[in-house]
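In what follows, a structure is listed as structure tokens, so that the remarks can point back to it.
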Amino acid sequence: MLSGGPGSGKGTQCTKIVNNFGFKHLSAGELLRREIASNSEYGAMILNTIKEGKIVPSEVTVKLIQREMESSDSRRFLIDGFPRTEENRIAFENITGAEPDLVIFFDCPQEEMVKRVLNRNEGRVDDNIVTIKKRLIVFEALNLPVINYYSKRGKLYTVTV
Ligand code: UDP
Ligand code: MG
């Protein structure tokens with residue numbers, strides 16, 4: 001699993017890791033955006049949640065990740081941008097019965113994250129200064145317990161960005 005704030009470089013580094021080590025890349029954010037695009041029953045709720053910089057209910061995100069894992073030939077997954085909260089983490093473990101072998105955390109200064117998100121021009125509805133500030137507040141409030149949990153279990157590798 002790969003964790004870090006908005007714009008900390010998760011997606012970019014995942015692409016490199018996947019190319020070099022042959023994992024199947026599962027970006028939680030991308031799966032949610034795909035769900036919006038496919039006009040599924042949860043699409044509108046997910047779009048509103050992302051616009052507000054909030055966290056989509058764990059069960060919805062876990063189901064999307066689980067569906068990808070089950071339909072893939074790969075047995076080695078790199079899950080990017082998830083779990084974002086302790087509740088996310090517990091739901092994933094309960095629903096899938098799986099745990100990550102290791103978790104990489106990109107520790108990046110806030111001003112760098114803001115700069116990158118504002119400059120990336122990917123056309124995302126949440127890459128504006130108002131939503132970024134909300135995403136950073138959510139990240140600072142909810143990420144640490146997840147990181148601490150994996151750290152205690154000896155699974156955490158922190159990369160200082
Ligand atoms: N998101 C979520 N749960 C997840 C992953 C993403 O609710 O497990 C939502 C959340 O609103 C987040 C947005 O999707 O702000 C974008 O996530 P992504 O990881 O793509 O953004 P990044 O942090 O890489 O900029
Ligand atoms: Mg991303």
Counting only residues 5 or more apart in sequence or on a different chain, those whose built amide H sits under 5 Å from that of residue 78 are 24, 25, 26
Dividing the alpha-carbon radius of gyration of the stretch 79-161 by 2.2 N^0.38 Å, where N counts its residues, gives 1.20
In nm², the average projected area of the convex hull spanned by the Cα atoms of the chain is 9.1 nm²
The relative contact order of the chain, taking Cα pairs under 8 Å that sit 6 or more residues apart, comes to a percentage of 36 percent
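Send over the Kirkwood Rh of the stretch 12-53, from the inverse of the averaged 1/r over different Cα pairs, rounded to one decimal Å.
Details: mean 1/r = 0.0864 Å⁻¹.
Evaluated on the stretch 12-53, it is 11.6 Å.
Laboratory data are not the source of any read-out in this text; all were calculated from the coordinates shown. Computed from a predicted structure; not experimentally measured.
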